[in-house]
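Trainee: Below is a structure I'd like to ask you about.
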Amino acid sequence: MRRITLSRYLIEEQREKGRINADLRLLIEVVARACKRIAIAIGKGGLGEGVLGDAGSDNVQGEAQKKLDVLSNEIFLEANEWGGHLAGMASEEMELPHAIPNRYPQGEYLLLFDPLDGSSNIDINVSVGTIFSVLKCPEGADPTREAAFLQPGSAQVAAGYAVYGPTTLLVLSVGDGVACFTLDRELGSFVLTREHLQIPPDTREFAINMSNQRHWEAPVQRYVGELLQGSGGPRGRDFNMRWVASMVADVHRILTRGGVFLYPLDARMGQQGGKLRLLYEANPMSFIVEQAGGSASTGRQRILDVRPAALHQRVPVILGSRNEVERIVAYHGER
């Protein structure tokens with residue numbers, strides 16, 4: 001059996017298909033190495049010094065940080081700042097963009113990342129992950145200012161995520177479909193294990209935090225209410241609910257076997273616009289989902305068409321199997 005490593009896959013995307021250039025290939029390889037370092041730290045768990053527990057600090061969102069949030073952010077910054085592929089970086093954990101030190105060469109790309117998604121699950125040994133997005137730095141833009149990063153998700157040239165679970169996976173799209181790589185721990189390499197992932201257009205699974213039900217808007221109340229009625233309701237069939245509370249894990253399940261993921265707008269989020277961050281979570285995941293044949297919407301507009309107004313902007317997120325997402329969007333349009 002031919003084993004295709006991530007490096008070989010990227011070289012073929014560059015040389016044979018012309019999808020990416022050498023700098024983008026090398027950038028993705030550096031990101032993958034950072035993910036391997038994070039996987040090692042997570043794998044040590046309580047055996048590692050300074051890995052589990054609270055960091056005693058808050059991030060720019062005002063959320064309590066875990067020690068691994070801080071460690072993962074540092075790993076990403078250190079791994080990517082010296083390679084010469086980046087003009088700048090932005091992290092969910094940091095208020096402002098991270099400037100590339102003057103002693104290193106600058107490239108043409110911008111890297112945005114959530115270094116450790118679902119970190120509240122760390123201490124109970126549930127799957128967590130890393131999400132990343134790559135943009136081109138606009139010509140003449142200052143990569144130390146947030147304006148350079150305020151591009152719609154449709155401008156992404158690559159996006160991906162890592163899942164740190166029973167196996168460590170890297171899921172990637174460079175605009176040529178979606179591929180999944182598994183970390184071979186003995187070799188230390190990501191190896192292609194699935195290619196051309198496709199999300200089924202129909203599903204019987206949905207993922208949503210039901211504890212927020214009383215706060216949802218009417219279209220989401222209607223949609224979930226119909227699902228809960230099962231075969232005796234208007235949908236005429238039973239649905240299963242799954243909720244890991246780690247976006248990476250929930251979206252990966254959908255990418256693997258179909259489903260719909262909702263973190264909708266609710267009455268408590270009106271001023272902040274939603275729960276999930278557009279640039280670090282919604283855009284890269286929507287790029288991947290659309291590349292796999294699914295759909296992604298705020299309920300009112302395609303996520304990849306949203307023009308960001310701020311580096312840490314939040315949006316409602318509804319993504320997954322195309323027919324279910326379209327139904328939810330239609331319910332929003334009937335209001």
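Trainee: Can you list the DSSP H helices in the chain whose Cα atoms extend at least 18 Å along the helix axis and whose mean Kyte-Doolittle hydropathy is -1.0 or higher?
Mentor: 22-44, 67-80
Trainee: Now for a separate question. State, to one decimal in nm, how far the label point of LEU228 lies from the label point of HIS215, with both points 7 Å from Cα in the Cβ direction.
Mentor: 1.7
Trainee: Hey, another quick one. Taking just the alpha carbons, could you work out the radius of gyration and Dmax for the range 6-195, both in angstroms?
Mentor: Just the Cα atoms of the range 6-195 yield Rg and Dmax of 16.3, 49 Å.
Trainee: Work out how far the C-alpha atoms of the range 205-333 reach from end to end along every principal axis, then list the three figures in whole Å, largest first.
Mentor: In descending order, the Cα extents are 45, 31, 27 Å.
Trainee: Give the calculated FRET efficiency between ALA99 and ASN323 to the nearest 0.05, with a Förster radius of 41 Å applied to their Cβ-Cβ distance.
Mentor: 0.40
Trainee: Taking the chain as a Gaussian network, where each spring joins two C-alpha atoms under 10 Å apart, which residue of GLU78, GLU92, GLU324 fluctuates the most?
Mentor: GLU78
Trainee: Using label points projected 7 Å from each Cα along Cα→Cβ, tell me how many nm separate LYS17 and ARG37, to one decimal.
Mentor: Using points 7 Å along Cα→Cβ, the separation is 2.8 nm.
Trainee: Picking from ILE28, ILE124, ILE100, which is most flexible by a Gaussian network model of the chain using Cα springs under 10 Å?
Mentor: ILE124
Trainee: Filter LYS17/LYS136; LYS136/LYS275; LYS36/LYS136; LYS44/LYS275; LYS36/LYS67 down to the pairs with a C-alpha to C-alpha distance above 28 Å, please.
Mentor: With Cα atoms farther than 28 Å apart: LYS44/LYS275.
Trainee: While we're looking at this one, here's another question. Report, to two decimal places, the Cα Rg of the chain normalised by 2.2 N^0.38 Å (N = number of residues). Write down the numbers at each step before the final one.
Mentor: Working: Rg = 19.4 Å, N = 335, 2.2 N^0.38 = 20.0 Å.
For the chain, the normalised Cα radius of gyration is 0.97.
Trainee: Can you pull the one-decimal nm distance between simple spin-label points at LEU187 and ARG145, each 7 Å off the Cα toward Cβ?
Mentor: 4.6
Trainee: Post the alpha-carbon centroid distance, the range 65-138 to the range 195-209, in whole angstrom.
Mentor: So the separation of the two Cα centres works out to 28 Å.
Trainee: Want the number for ASP238 to ASP305: 0.36 nm per residue separation, take away the alpha-carbon distance, what's left?
Mentor: The span from ASP238 to ASP305 would gain 20.8 nm if fully extended.
Trainee: With a 10 Å cut-off between alpha carbons and a GNM built on the chain, which of ALA282, ALA267, ALA32 moves the most?
Mentor: ALA267
Trainee: Same structure again: Report relative contact order for the chain in percent, whole number only (criteria: Cα-Cα under 8 Å, sequence separation at least 6). Write down the numbers at each step before the final one.
Mentor: On the way: 719 pairs, mean separation 50.4, N = 335.
15 percent.
Values quoted throughout were computed directly from the atomic coordinates according to the rules given, and no laboratory measurement underlies them. Model, not experiment: these values are computed from the prediction. Here the Cβ is made from the backbone with ideal geometry for all residues, glycine too, and neighbour counts use every protein chain on show.
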